[in-house]
Structure formats: structure tokens, C-alpha cells
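Q: Once you've had a glance at the structure underneath, I'll fire off some questions.
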Amino acid sequence: MDKDKTPKKSIYYYYMLALAILLLLNTVIIPMFFSPKVQEISYGSFLQMVDDGKVAKVEITNNKIAVLAKDSDDKSIYVTGRVEDPQLVNRLMESKVEFSQVIPKESSLLENIFFNWIIPIFIFFALGQLFMRFMAGRMGGGGPMNFGKSNAKVYVEAETGKTFDDVAGQNEAKEALMELVDFLHHPDKYKAIGANMPKGALLVGPPGTGKTLLARAVAGEAKVPFFSISGSEFIEMFVGMGAARVRDLFKQAQEKAPCIIFIDEIDAIGKKRDSGRFGGGNDEREQTLNQLLSEMDGFDGSKGIVILAATNRPDSLDKALLRPGRFDRRIPVELPDLQGREAILRVHAKNIKTCDDIDYNAIARATSGASGAELANIVNEAALRAVRMHRECVTQSDLEESVEVVIAGYQRKGAVIPKEQKRIVAYHEIGHALVAARQKKSAPVHKITIVPRTSGALGYTMQVSEDDNVLMSKEELFNKIATLTGGRSAEEIIFNSITTGASNDIEQATRIARAMVTRFGMTDEFDMMATETVTNAYLGGDTSLACSETTSGKIDAKVLELIKEAHDKARAILEKDIDKLHELAAYLLEKETITGEEFMQILEHGKQEEAKAETVETTAVVTEEAGADNEALAETAGEETVQNISEKNEDK
């Protein structure tokens with residue numbers, strides 16, 4: 001194992017340490033051992049010593065008198081203050097005491113200039129340099145002379161270490177960027193036909209989809225220098241620094257052309273400029289944006305300088321930045337589909353040791369809506385779990401459990417839940433699963449558990465469909481609401497009471513029902529009228545109503561009507577299958593975790609066939625191999641219903 005290397009300290013540290021040691025020696029240590037003992041006496045005592053003949057030598061200065069005793073054993077030096085005594089000289093002569101007066105030393109002109117001017121100026125200059133270095137380090141700069149310099153990290157072709165082979169699940173984005181790579185390799189064939197290559201390409205998409213990775217892969221494929229900088233690094237506390245850094249960045253890029261400039265999170269400097277009606281805008285940010293626009297107009301794209309930028313808030317960018325001639329292309333980097341997720345899992349699985357029986361397709365279907373970063377996290381969690389279980393390779397169960405860890409958190413194995421509350425949770429989860437199973441356009445149940453998770457869920461029901469849903473019908477959305485209300489409905493029927501366990505179900509059901517009314521046009525009352533707008537779609541989506549107060553009240557009434565209708569449907573399904581509800585809840589209480597196959601076996605054939613089903617331990621997720629009809633993609637619901645990752649981005 002490599003030992004941790006202690007970072008090297010600056011040479012200034014050793015200079016300051018040596019100076020401190022010298023000062024300590026000169027002021028404390030050396031005087032303590034080598035300086036004679038000095039004793040202060042009164043002027044009267046001094047005169048008495050002179051009269052008694054005890055004084056051997058006297059030295060007179062401007063403000064004090066130093067006395068050396070005749071006694072050879074007395075090594076002390078006696079000191080007293082000087083008093084205007086005209087008789088002192090006579091007394092000293094009468095007592096035959098050797099005395100003298102110190103002649104003040106007069107400094108030369110050069111010495112005065114050196115000590116009074118040069119040394120103080122040098123000290124202040126050194127302190128100023130140290131202070132400026134300290135401030136520049138705190139502000140992220142490289143020193144007082146680098147305030148206008150760009151902080152872009154420059155990678156040569158071998159340092160990016162990324163190619164298009166390292167990017168999976170983004171085939172359309174890679175195809176759009178391959179043309180830029182070809183231009184950097186063969187610019188002559190474009191010039192021959194008179195084609196101008198786009199000066200810039202804007203990568204837009206949700207966080208974690210691989211926008212930065214794509215930009216680095218372009219540089220790796222093109223084998224050209226790669227300038228990487230964040231939009232926030234242009235903004236400084238000093239006015240004009242951002243614009244100066246933009247100029248310096250493009251100057252460096254032109255010197256190293258052909259090359260690629262990548263500006264991450266460009267919305268930090270590229271936001272729409274204010275009109276000034278509400279107190280004015282951010283002058284520093286607007287100056288930086290104006291300089292960026294000017295530089296993009298000023299450089300010649302035929303030299304091989306390509307600008308890539310990334311953002312997840314394209315709606316907030318200034319229109320002048322997006323016009324042709326600047327960022328000509330807008331390349332969406334969306335969440336990967338089923339095949340893309342499987343490819344991403346395989347790419348990340350190359351870095352870990354996996355067993356031979358891994359079904360990446362099953363994991364991909366269980367992670368609908370996951371980004372590339374989330375899939376990488378799932379693979380890493382699986383590897384960590386394999387180490388905890390003392391295995392030499394990652395198994396299918398490790399990957400499946402890691403999916404649930406990302407969705408719902410780790411299992412709370414030590415949690416103590418009262419028996420009656422655990423029974424409520426069991427009926428709640430079976431209520432979700434039973435309603436889902438008895439509806440036609442609903443994803444099949446994959447797993448049911450009442451093992452608490454660190455996310456706060458006391459249990460959940462996971463549904464996994466066979467394919468990605470690009471579109472969802474009105475019936476599918478309504479059935480989804482009915483499934484969400486199934487847990488509360490089971491509590492009402494069995495216990496004739498309700499609990500707080502359905503809080504997350506209520507939020508999700510309300511959100512889906514409101515979207516059906518305001519954005520999807522799925523009601524007769526509002527037909528195809530949009531009454532709600534969505535902003536920041538890539539960051540979860542902020543909604544705001546675009547209608548009058550009267551219409552808003554009607555919308556609320558319609559949303560309530562939809563939820564009540566779905567609630568009544570769920571109650572009807574559970575009341576019709578009340579015996580299966582009891583049977584399945586008792587089995588779930590006994591096993592704590594059951595698979596979708598076990599659930600369907602008991603639902604269709606009863607407990608006489610239950611012994612044939614494989615029991616699932618609560619400490620691991622094990623799924624039996626089933627046909628394509630029973631494999632599924634995740635959509636979770638339950639006590640604090642845990643939504644599938646796809647629900648984070650469900651506005652399509």
C-alpha cells in the first residue's frame with residue numbers, strides 16, 4: 001500500500017521558521033546564559049558606594065549611569081538614572097574611580113538612508129506581496145499579475161483520456177459531434193465546397209447525462225488541445241476581470257489552434273440581460289457576456305477553433321448568444337432510453353469485476369429515467385456491496401439491491417416497528433400491489449417489501465414494465481393514480497382508519513391529476529387549453545398557472561374529482577378481492593419481502609402453490625428468472641411510496 005505523501009511546504013514557511021528561531025535565540029536564550037546580571041539601584045545608593053570606595057569603574061550615558069564594583073567576586077552591573085549633579089565628577093575623582101562618558105555615534109548619510117528608507121520600504125513591499133498572493137489564492141487567481149488571465153485548464157490530446165467509446169447511451173449527440181471532429185481532422189474538404197463549420201455547439205440536458213464527458217471525448221477524438229473552464233470562473237469581485245479573462249482565453253486558443261474551448265454551466269454568464277426597469281442588471285456579468293459575444297464574432301472559424309458549451313437551463317440564455325454565427329447548433333443530451341441504459345451499465349461494469357450471469361437488460365429496465373451519473377453510482381454501489389458480502393465478483397443481486405439503495409436508501413435492519421403498525425404497512429403495500437395487478441394498463445408488480453429504508457419509507461411496492469413508455473395514455477395515468485390510492489384504500493377497508501403513511505402517495509397522485517388537467521388536455525371541461533406553464537424542465541420543472549382565479553378554482557375541483565374517482569375504483573377492487581388482500585398481507589408479514597412471481601402465484605392459485613415459490617431474504621434482493629412477460633421496469637409505490645427515478649422527469 002502506498003504511503004500518504006506529505007505535501008511540500010512553501011519556501012516562505014522555512015524562511016519564517018528560521019527567522020522565528022533566530023529571534024528566540026537572540027532575545028531569550030543567549031541573554032539568559034551569556035549576558036551579565038544587571039541590577040538597578042537608586043542614585044543615593046550609588047553615591048554611598050562611591051564614598052565607601054566600592055566602585056571600580058563608572059560609565060555615564062545620556063540618561064543612565066552604569067557601575068562596576070571593585071569586588072572581583074561581584075559580577076553584577078549596577079545601573080541608576082542620571083541626575084544633574086555638579087559634584088559627581090569631584091566625588092569620583094576623590095574616590096579615584098575610573099569614569100567616562102559614552103560619545104554618541106553619528107550615523108553616516110548612506111546609513112541613515114539605508115535604515116530609515118530602504119529597509120522599511122522593502123519590508124512593506126514584501127508584506128504587500130505576501131498579502132496579494134494570499135488574496136489571489138482566496139479568490140482563485142494565480143497572483144496580482146494574473147487578475148486578467150484566464151483560469152481555463154488546458155489539456156493536451158493525451159490528457160483528456162476520453163473518446164467516443166467511453167460515451168454510451170447518447171448516439172444522436174455523438175453523431176452530431178462527430179462532424180465537428182471530422183472538420184478538425186479534414187478542414188480542406190469543407191473549404192473546397194465552401195461550407196462553414198459551426199463556430200459553437202450548445203449541449204443541453206438534465207444534470208448527469210454526460211455533457212462534459214461528451215466535450216472531453218470530442219477533444220480526445222480530435223487530438224487537439226482542450227480548454228475547459230466553468231462559467232462562474234469568469235465572474236470576479238473586480239469589475240472588468242470577467243471580460244479580461246474572456247479576451248485572454250480566446251487569445252490563448254488562437255495561439256494553440258486548432259483547439260476546443262469548453263465552457264461548462266454557461267448560464268452563469270449567459271443569462272438574459274435585464275432591461276433596467278427593475279433596478280438595472282449585473283454590470284460585471286453583462287460586460288463579460290458582451291465580451292464573449294464580441295470574441296465569438298471576431299475569431300475565424302476556419303482556423304479550427306470550436307466552442308462547446310453546456311447548460312441545463314437553456315431557457316435562461318440570452319437570445320444574442322443563441323443566434324446563428326455564435327452557437328449555431330443546439331445538441332440535446334437527454335436521459336438514455338432502455339438500450340442506452342444497458343450500454344452505459346456495460347461501460348461502467350468494465351471497471352469492476354462482475355460474475356458471468358449478469359443480466360444488464362433487467363437492471364436497465366428497472367432504472368427507467370436514470371441518468372448516466374446515476375447508473376455509474378448504481379454500479380459502484382453494487383461493487384461496494386459485493387465487498388461487504390465478502391464476494392470476489394459483483395452478482396445480479398448486488399446490482400438489484402444497489403438500484404433500491406439509490407431509489408429508497410439502505411435497509412434499516414435495526415429499526416423496531418410495533419406489530420400493529422407493521423400490519424398496517426403490510427396491508428398498505430398489498431393494497432398498492434393488488435390494485436396494480438387487477439388493472440389492465442398497469443405495469444406488473446416486481447417486488448413488495450415492508451423492510452424500512454433510510455429514505456424514510458417503511459415499505460414500498462416496485463412495478464417494472466417491459467419497455468420504456470414514450471407516451472402515456474389517459475387510462476394509464478388514471479390507473480397510476482388508482483394504484484397510488486390503493487394503499488390508503490386498504491387502510492380504510494381493513495382498519496376503518498387512516499394514517500400518515502400515504503402522504504407521498506397523495507403528493508404524487510395530486511401532481512399527476514393536475515398535469516392531466518392543466519398540461520395534457522385530458523378533460524372535457526378544459527379540452528386542449530393549457531392552463532399551466534413549465535420552466536426549467538431539465539431541473540425538475542417549476543410549474544406556474546397561466547389562468548384566472550375563477551379557472552384556477554375549476555381546475556382544483558376537476559383535480560379533486562379525478563382523484564376521488566380513482567380512489568373509488570381502488571376501493572372497489574380491494575373490496576372485491578378482500579380474501580386475497582388478507583391472504584397476501586399475512587404472507588408479506590411472515591416473509592417481509594416477496595417477489596412479483598410469488599405475489600402473482602398466490603393471487604392466481606392461492607397458498608397451496610406457495611411452497612413452490614422461492615423465499616426471498618430481507619437482507620438481499622433475489623429475483624427468479626422469468627419470461628419476458630414478467631420482467632419489468634420500475635415504478636414504485638408504497639408506505640411513503642418510493643417513486644422510480646423516471647418519475648423525476650415525467651413530463652413527457
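The values are calculated or read from the model by the stated rules, or taken from the named source; none is laboratory data. If you're wondering where the values come from, they're calculated on a predicted model, not measured in any experiment. We place every Cβ from the backbone using ideal geometry, glycine too, and count neighbours over all the protein chains shown. What goes into the accessible areas is simple: the full protein's heavy atoms, side chains included, and nothing from ligands, DNA or RNA. Shrake-Rupley method; radii C 1.70, N 1.55, O 1.52, S 1.80 Å.
Q: Which residues' amide hydrogens lie under 5 Å from the amide hydrogen of Tyr410, considering only partners 5 or more residues apart or on another chain, with H built in the peptide plane?
A: Long-range HN contacts for Tyr410: Thr454, Ser455.
Q: Something else now. Residue by residue through the range 382-397, what is 3J(HN,Hα) from phi via Karplus (6.51 cos²θ - 1.76 cosθ + 1.60, θ = phi - 60°)? Round to whole Hz and write x for glycine and proline.
A: 5, 5, 5, 5, 4, 5, 4, 8, 6, 9, 8, 8, 7, 9, 4, 5
Q: Once phi is turned into ³J(HN,Hα) by the Karplus curve 6.51 cos²θ - 1.76 cosθ + 1.60 with θ = phi - 60°, what whole-Hz value does each residue of the range 398-407 show in order, with x for glycine and proline?
A: 5, 5, 5, 5, 5, 4, 6, 5, 5, 6
Q: What does the C-alpha gyration tensor say about the overall shape of the range 369-496? Classify as rounded when a/c is under 1.5, otherwise prolate if a/b is larger than b/c, or oblate.
A: oblate
Q: Also: Can you flag which of Lys440/Lys564; Lys480/Lys558; Lys189/Lys303; Lys440/Lys591; Lys199/Lys251 are past 25 Å Cα-Cα?
A: Exceeds cut-off: Lys440/Lys591.
Q: Quick one: with all protein chains in place, what share of the accessible area of the range 384-480 is carbon or sulfur, to the nearest percent (1.4 Å probe)? Mind dumping the intermediate values first?
A: Values: 2380 of 4290 Å².
C and S atoms contribute 55 percent here.
Q: Sequence-distant or interchain residues sharing an amide H contact under 5 Å with Phe99, placed H: which?
A: Val58
Q: At a 1.4 Å probe radius, carbon and sulfur cover how many percent of the accessible area of the range 157-268?
A: On the way: 2340 of 4710 Å².
Carbon and sulfur: 50 percent of the exposed surface of the range 157-268.
Q: A further question follows. Could you please put Thr354, Thr533 in sequence from largest to smallest accessible area, using a 1.4 Å probe?
A: On the way: Thr354 45, Thr533 65 Å².
In descending accessible area the options line up as Thr533, Thr354.
Q: Next up: Determine the dipole magnitude for the range 442-508: charges of +1 sit on the beta-carbon of Lys and Arg, -1 on that of Asp and Glu, nothing else is charged, the reference point is the Cα centre, and the result goes in debye to the nearest 20.
A: 220
Q: How much area per residue is accessible in the range 212-263 when the probe is 1.4 Å and only protein heavy atoms are counted (Å²)? Before the final figure, lay out the partial values.
A: Values: 1830 Å² over 52 residues.
Normalised by residue count, the accessible surface of the range 212-263 is 35 Å².
Q: Ordering Glu400, Glu476, Glu491, Glu179 by how much accessible area each has at a 1.4 Å probe, largest first, what is the list? Mind dumping the intermediate values first?
A: Working: Glu400 20, Glu476 50, Glu491 0, Glu179 75 Å².
Reading off the accessible areas and sorting them downward yields Glu179, Glu476, Glu400, Glu491.
Q: Right, next: Considering only protein heavy atoms, what is the solvent-accessible area of Ser497 at a probe of 1.4 Å, reported in Å² to the nearest 10?
A: Approximately 60 Å² of Ser497 is accessible to the 1.4 Å probe.
Q: Would you please classify the overall shape of the range 431-480 from the alpha carbon gyration tensor, given that a ≥ b ≥ c denote the square roots of the eigenvalues, rounded means a/c under 1.5, and beyond that prolate means a/b larger than b/c while oblate covers the rest?
A: prolate
Q: Please compute the net charge surrounding Ala168, taking Lys and Arg as +1 and Asp and Glu as -1 over other residues with Cβ under 13 Å from its Cβ.
A: So the environment of Ala168 carries a net charge of 0.
Q: Here's something else I'd like to know. Return the sequence-ordered ³J(HN,Hα) values of the range 67-77 in whole Hz as given by the Karplus equation 6.51 cos²θ - 1.76 cosθ + 1.60 applied to θ = phi - 60°, using x for Gly and Pro.
A: 10, 10, 6, 6, 4, 5, 7, 8, 8, 6, 10
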